[in-house]
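K.L.:
Quick one: this structure, given as structure tokens, is what I'll be asking you about.
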Amino acid sequence: MRKMIITGVTSGIGKALVEKYNDNYEVEGHSRRFNKHDIDDIKNWFDKDADIFINNAYNDYKWWAQTQALLYVFHLWKDDPNKHIVSVSSIASEKDTDDYPIGHSRYTAGKISLDKINLECYEKTAKHNGCKVSLLRPGWVETPRTTRLATLINRLYDQNLEPKMLSPEQCADAIDFMINYSGRIREMTIEAT
């Protein structure tokens, strides 16, 4: 059975991915709350013999950690066409989202760096048939984090923000689509309508 490593599995997209793949893969989930495995410490727990790495976790205090995780795994897998890295970014990296506060710029900077490094990794492997590298860029996703963020924005800025949100399962389906197309999809952006 192929092995999949997923970060940020406590809730949201990560949890939906574990539920989706638990029967078809040997799934190894990691998060600070689930097993005390922070994305920032990936060198201490990552299994290089896994087949798929879903780089989903974001660290508020170390916004660059998700990009570092991508670089770490890419270095291990770059020459193996049987490996696949899927990173979860955000549309916050490419456009101004409705009512996003300026103070949320750490998150945006982290996702911009993830997008740029992901593209560079993709281009390096595409030239010599190395590991597959894909990126999902969702809009607002209904998670405990986004619910707290929307509430905070409404209180701080006296707004009534009710963004249209994707479900975590819709994001898991998009990731599944990328995996099933064997890495031929470099990136995908999805938003709720």
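K.L.:
Under the condition of being in contact with a Ser or Thr (Cβ under 7 Å, 6 or more places away or on another chain) and either modelled with pLDDT under 90 or open to solvent by 10 Å² or more (accessible area, probe 1.4 Å) (or both), which residue from the stretch 45-66 is farthest from Lys15 (Cα to Cα)?
P.N.:
The qualifying residue farthest from Lys15 (Cα to Cα) is Trp64.
K.L.:
Please specify each residue of the stretch 129-151 satisfying the condition of being open to solvent by 90 Å² or more (accessible area, probe 1.4 Å) and at pLDDT below 85.
P.N.:
First, pick out the residues of the stretch 129-151 that are open to solvent by 90 Å² or more (accessible area, probe 1.4 Å): 129, 142, 148.
Passing the criteria: Glu142, Arg148.
K.L.:
Asp79 passes all but one of (1) open to solvent by 90 Å² or more (accessible area, probe 1.4 Å); (2) in a helix (DSSP H, G or I); which number fails?
P.N.:
(2)
K.L.:
Collect the residues in the stretch 82-113 that are modelled with pLDDT under 95, crowded, with 21+ Cβ neighbours inside 10 Å and among the aliphatic types (A, V, I, L, M), keeping them in residue-number order.
P.N.:
Residue satisfying the conditions is Ala92 alone.
K.L.:
Then there's this: State whether one or more residues within the stretch 30-44 are of a type in the set (Val, Ile, Thr) and either surrounded by fewer than 20 Cβ atoms within 10 Å (Cβ to Cβ) or outside any strand (DSSP E or B) (or both).
P.N.:
Our first condition is that a residue be of a type in the set (Val, Ile, Thr); within the stretch 30-44, this holds for 39, 42.
In the following step, the residues that additionally are either surrounded by fewer than 20 Cβ atoms within 10 Å (Cβ to Cβ) or outside any strand (DSSP E or B) (or both) were identified as 39, 42.
Scanning the stretch 30-44 turns up at least one residue that is of a type in the set (Val, Ile, Thr) and either surrounded by fewer than 20 Cβ atoms within 10 Å (Cβ to Cβ) or outside any strand (DSSP E or B) (or both).
K.L.:
Further, regarding this structure: Restricting to the stretch 1-44, what's the tally of residues that are aromatic (Phe, Trp, Tyr) and at pLDDT 90 or above? Steps first, answer last, please.
P.N.:
Of all residues in the stretch 1-44, those aromatic (Phe, Trp, Tyr) come to 21, 25, 34.
After this cut, where a residue has to be at pLDDT 90 or above as well, the list is 21, 25.
Number of matching residues: 2.
K.L.:
Quick check on Phe74: is it part of a helix (DSSP H, G or I), touching a helix residue (DSSP H, G or I) at 6+ places or on another chain (Cβ under 7 Å) and either open to solvent by 50 Å² or more (accessible area, probe 1.4 Å) or at pLDDT 90 or above (or both)?
P.N.:
Values: part of a helix (DSSP H, G or I): yes; touching a helix residue (DSSP H, G or I) at 6+ places or on another chain (Cβ under 7 Å): yes; either open to solvent by 50 Å² or more (accessible area, probe 1.4 Å) or at pLDDT 90 or above (or both): yes.
Yes, satisfied.
K.L.:
To continue, here is another question. For residues that are in a helix (DSSP H, G or I), of a type outside the set (Lys, Arg) and surrounded by fewer than 23 Cβ atoms within 10 Å (Cβ to Cβ), tally how many sit in the stretch 17-29. First the steps, then the outcome.
P.N.:
Narrowing the stretch 17-29 to residues in a helix (DSSP H, G or I): 17-21.
Then keep just the ones that are of a type outside the set (Lys, Arg); that gives 17-19, 21.
Next cut, surrounded by fewer than 23 Cβ atoms within 10 Å (Cβ to Cβ) only: 18-19, 21.
Adding up the residues that qualify gives 3.
The values are calculated or read from the model by the stated rules, or taken from the named source; none is laboratory data. None of the values given here were measured: they were computed from a predicted structure. Glycine also receives a Cβ, built like all others from the backbone with ideal geometry; neighbour counts cover every protein chain displayed. We work out accessible area using only protein heavy atoms, side chains counted, and drop any ligands, DNA or RNA first. Shrake-Rupley method; radii C 1.70, N 1.55, O 1.52, S 1.80 Å.
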